[in-house]
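Readers should treat all values here as calculations from the given coordinates under stated rules, not as data from a laboratory. None of the values given here were measured: they were computed from a predicted structure. Here the Cβ is made from the backbone with ideal geometry for all residues, glycine too, and neighbour counts use every protein chain on show.
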2 protein chains.
Amino acid sequence: MNFLEERIVKDGVVKEGNVLKVDSFLNHQMDIKLLDQMGAEFKRRFADKPINKILTIEASGIGIACIAAQHFDVPVVFAKKSQSINLDGDMYVAEVESFTHKCINHVIVAQKFLSPEDHVLIIDDFLANGCALQGLIQIVQSSGATVEGIGIAIEKGFQSGGRIIRNLGFQLESLAIVDGMNAETGEIQFRDQSKPAEESGQTEEICRSSTLD
Amino acid sequence: MNFLEERIVKDGVVKEGNVLKVDSFLNHQMDIKLLDQMGAEFKRRFADKPINKILTIEASGIGIACIAAQHFDVPVVFAKKSQSINLDGDMYVAEVESFTHKCINHVIVAQKFLSPEDHVLIIDDFLANGCALQGLIQIVQSSGATVEGIGIAIEKGFQSGGRIIRNLGFQLESLAIVDGMNAETGEIQFRDQSKPAEESGQTEEICRSSTLD
């Protein structure tokens, strides 16, 4: 187990419905030393990429992205989530379906912060069905910038987001991939990332996601 | 002018209606080196306080708080904003009026992350009427923890939030206090913080803010 998997086993809580609570160290209270270890690990995994900007999405991605940005010496842009669009200026907007909240959200980035010269690392805390992430990828591509890679803290390997993104050819690095959880025993099964990927019976959740003009 | 005031003059944009846009370096795109300078300055100003936790509020406070936390070697807790309350577990909730969005928001922190042993530094990017900040103070006090101080990046000195919070006896440190702006000329007038405070004709905006049980 790596440092993040160890921390998940120590302080994560498995709840009914495949919910993994990591709010004591990652997405409500944040252990900044852990975030710094994660930033160093992202830098190691994307060392050969010419990254000049990190893109994340509010709210819980911001802390991870800012600490990671110190390892890359680049600025961070965070996409805003909104059910309505009322920001002024020219914006890239992607429509993203939220399965958790059963609604359509808009993911928004000001156009002036992404350009064809940008080489972007996308960072977020969780990857499940990948809808929000697909929205971020669309926005980067709309701007003409390059997605150099995607760094995720915790991927739910039993949902389809990771597989879809990898099948699209992106370098997706998840520091921990949870392949199964048991709410009764609290047991968490991590994917051994040293082995080649296997086909699995993942749930398909196709995102209805599109970039608006 | 200090480093933040210089940056505001260089890259901030004054808009009609006393709006100061700092989205190119502070609250949409974030200059991490600037955030690090701000963190060092907060540490200098609160050096004598036994701070063991930083509290902020999503979304744009999170980056500043996380980088500052490295200077204090403490964890960060970020309060969540929600129009509805649907988080599980025991929560501290404050009702906060948003003048910008003309609605009531709930500011929420899980009870397990604040206790009477905690000595809290509250950090946020902007202070105007101070409604959100008063909600955070209420939450800290509800938990029995101590507010050791409040660190703000940019205070709108012509609104009443800063005066109210200082009158309540809190050590409020704003790295830049904007006392006036001119959208036509783009000119920004900063308060000279080396001089004693003067009475000013600030607009009163009394927050309707209360902690829920």
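Would you mind listing the distances between the A:ASN182 label point and the same position in each other copy? Use 7 Å along Cα-to-C-beta, nm, one decimal, shortest first.
7.2
Per the Kirkwood definition applied to all pairs of different Cα atoms, how many angstroms is the hydrodynamic radius of the range A:1-43?
Taking every pair of different Cα atoms in the range A:1-43, averaging 1/r and inverting gives 11.0 Å.
Using the alpha-carbon atoms, what tilt in degrees (0 to 90, nearest 10) does helix B:61-72 show relative to the longest principal axis of chain B?
On a 0 to 90 degree scale, this one is about 80.
How much mean residue ellipticity at 222 nm does chain A get from its helices, if each DSSP H run of length 4 or more adds -39500 (n - 2.57) and you divide by all residues, to the nearest 500 deg cm²/dmol?
Values: 5 runs with 54 residues, N = 213.
Value at 222 nm, helices only: -7500 deg cm²/dmol.
Compute the FRET efficiency between A:ASP90 and B:ARG45 as 1/(1 + (r/R0)^6), taking r as their Cβ-Cβ distance and R0 = 45 Å, and round to the nearest 0.05. Could you put the intermediate results ahead of the total?
Details: r = 38 Å, r/R0 = 0.84.
Rounded to the nearest 0.05, the efficiency is 0.75.
Where does each of A:122-129, B:144-151, B:62-69, A:3-10 land if you order them by average Cβ count within 10 Å, highest first? Intermediate results must be reported in sequence, preceding the final value.
On the way: A:122-129: 23.6, B:144-151: 20.2, B:62-69: 27.9, A:3-10: 16.6.
Top to bottom by mean Cβ count within 10 Å: B:62-69, A:122-129, B:144-151, A:3-10.
For chain B, modelled as a GNM with alpha-carbon contacts under 10 angstrom, which of B:GLU95, B:GLU173, B:GLU184 fluctuates the most?
Of B:GLU95, B:GLU173, B:GLU184, the Gaussian network model singles out B:GLU184 as fluctuating most.
From the alpha carbon gyration tensor of the protein assembly as shown, can you work out the equivalent ellipsoid semi-axes (sqrt of 5 times each eigenvalue) and give them in Å, largest to smallest? Could you put the intermediate results ahead of the total?
Details: eigenvalues 252, 125, 81 Å².
Equivalent ellipsoid of the protein assembly as shown: 36, 25, 20 Å, largest first.
Restricting the calculation to Cα positions, tell me the Rg (one decimal) and the Dmax (whole number) of chain B in Å.
16.6, 51
Counting only other chains, and only Cβ atoms inside 10 Å, what mean value do you get across the residues of B:22-29? Display every interim value, and only then the final one.
Working: counts 0, 6, 5, 1, 0, 2, 12, 11.
Mean number of neighbouring Cβ atoms from other chains: 5.
Can you tell me what percent of all Cα-Cα pairs in the range B:110-180 are more than 17 Å apart?
Values: 953 of 2485 pairs.
I get 38 percent for the Cα pairs in the range B:110-180 exceeding 17 Å.
For B:LYS43, what charge total do you get from the other residues with a beta carbon under 13 Å from its beta carbon, if Lys and Arg give +1 and Asp and Glu give -1? Before the final figure, lay out the partial values.
Working: positive: B:ARG44, B:ARG45, B:LYS49; negative: B:ASP36, B:GLU41, B:ASP48, B:ASP73, B:GLU148, B:GLU173.
Taking every Cβ under 13 Å from that of B:LYS43, the sum is -3.
Quick one: Kirkwood hydrodynamic radius for the range A:1-119, alpha-carbon pairs, angstrom, one decimal?
Every distinct Cα pair counted, the radius reaches 16.3 Å.
Considering only DSSP beta bridges where both residues belong to chain B, give the percentage that are antiparallel (nearest 5). List each step's numbers first, then the result.
On the way: 20 of 42 bridges.
Antiparallel bridges: around 50 percent, rounded to the nearest 5.
Tell me the distances, shortest first, between B:ASP73 and the same position across the other copies, using label points 7 Å along Cα→Cβ, in nm to one decimal.
Those separations, rounded to one decimal, come out as 2.6 nm.
Roughly what angle does helix A:131-142 make with the longest principal axis of chain A, taking Cα atoms, 0 to 90 degrees, to the nearest 10?
30
Using 7 Å Cα-to-Cβ label points, what is the B:GLU117/A:ASP73 separation (nm, one decimal)?
If labels sit at B:GLU117 and A:ASP73, their model points lie 4.1 nm apart.
Within 10 Å of each Cβ in A:57-70, how many Cβ atoms from other chains are there, averaged over the peptide? If you can, show how the numbers build up before the last one.
Details: counts 1, 5, 9, 5, 2, 11, 9, 2, 5, 10, 6, 1, 7, 6.
Partner Cβ neighbours, averaged per residue: 6.
Just tell me how shielded A:107-113 is by partners: mean number of partner chain Cβ atoms within 10 Å of each residue's Cβ, no decimals.
Values: counts 0, 1, 2, 4, 0, 4, 4.
Taking the mean over all residues of the peptide, I get 2.
Between the range A:1-21 and the range B:1-20, what's the alpha-carbon centroid distance in Å?
Rounded to whole Å, the Cα centres lie 43 Å apart.
Compute the label-point distances linking B:PHE170 to its equivalents in the other copies; points lie 7 Å from Cα along Cα→Cβ; give nm, one decimal, shortest first.
Between copies, matching label points for B:PHE170 lie 3.8 nm apart.
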